[in-house]
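Visitor: Here it is, the structure in full.
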Amino acid sequence: MDVDGDAVAVVSRFNAAINSRDLVGLAALMSEDHTFVDSEGGTVRGRPACIEAWRGFFAAFPDYRNVFTGSAAREGVVAVCGYSVCSRPELAGPALWTARVTGPTVTEWRVYADTPRQRRALGLPPRTAPGVPPGGTGDPAV
């Protein structure tokens with residue numbers, strides 16, 4: 001059994017549910033004690049509270065989606081680099097995420113600003129071409 005490969009697959013399904021605004025799919029992939037942490041450190045705890053937070057987010061930003069360009073997994077933690085797309089500029093651009101995965105569920109989904117320091121901390125490679133638009137050829141697939 002490839003635990004890290006399974007964790008990456010769970011994270012891919014979780015992100016697909018975000019991108020399609022699928023609350024039922026998100027709920028199925030969240031642990032009961034699921035925690036969401038935004039890039040400012042704001043935290044929502046528990047599956048019901050997280051579902052309501054996503055419901056509000058999807059209503060406010062219906063065109064939001066995440067594009068993953070690479071990932072690294074170790075011991076049930078998946079670190080992801082990529083970018084968000086949204087008509088609201090403050091929500092669009094490079095981003096990093098981590099997901100703690102236990103079995104078939106995500107126990108924590110965390111968003112980070114994409115900085116060289118944070119990439120190092122998460123074990124992700126540096127951006128190879130500064131100034132390349134998010135998702136362009138400067139975002140290495142890992």
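Visitor: Distance in nm between label sites at D38 and R55, each 7 Å beyond Cα in the beta-carbon direction?
Guide: If labels sit at D38 and R55, their model points lie 1.8 nm apart.
Visitor: Moving on. Between [x] 14.4, 41; [y] 25.5, 84; [z] 20.8, 76, which matches Rg and Dmax of the Cα atoms in Å calculated for the structure shown?
Guide: Here Rg and Dmax of the Cα atoms in Å agrees with entry [x].
Visitor: Do the sum for the chain: with -39,500 (n - 2.57) for every DSSP H run of n ≥ 4, divided by all residues, what is the mean residue ellipticity at 222 nm, to the nearest 500 deg cm²/dmol?
Guide: -9500 deg cm²/dmol
Visitor: Along Cα→Cβ, 7 Å out, is where each label goes; now give me the distance between the ones at R120 and D4 in nm to one decimal.
Guide: So the two model labels end up 2.1 nm from each other.
Visitor: Where nothing but the Cβ of Lys and Arg (+1) and of Asp and Glu (-1) is charged, how large is the charge dipole of region 12-102 around its Cα centre, in debye to the nearest 20?
Guide: The dipole of region 12-102 has a size of about 160 debye.
Visitor: If you count only protein heavy atoms with a 1.4 Å probe, what accessible area per residue comes out for the chain, rounded to a whole Å²?
Guide: On a per-residue basis, the chain sits at 52 Å².
Visitor: Leaving out ligands, DNA and RNA, and with a 1.4 Å probe, what % of the accessible surface on the chain is carbon or sulfur?
Guide: Result for the chain: 56 percent of the exposed heavy-atom area is carbon or sulfur.
The values are calculated or read from the model by the stated rules, or taken from the named source; none is laboratory data. Quantities reported herein were computed from a predicted structural model and do not represent experimental measurements. Because the Cβ atoms are built from the backbone with ideal geometry, glycine has one as well, and the counts that use them run over all protein chains shown. Accessible surface areas use protein heavy atoms only, side chains included; no ligands, DNA or RNA. Shrake-Rupley method; radii C 1.70, N 1.55, O 1.52, S 1.80 Å.
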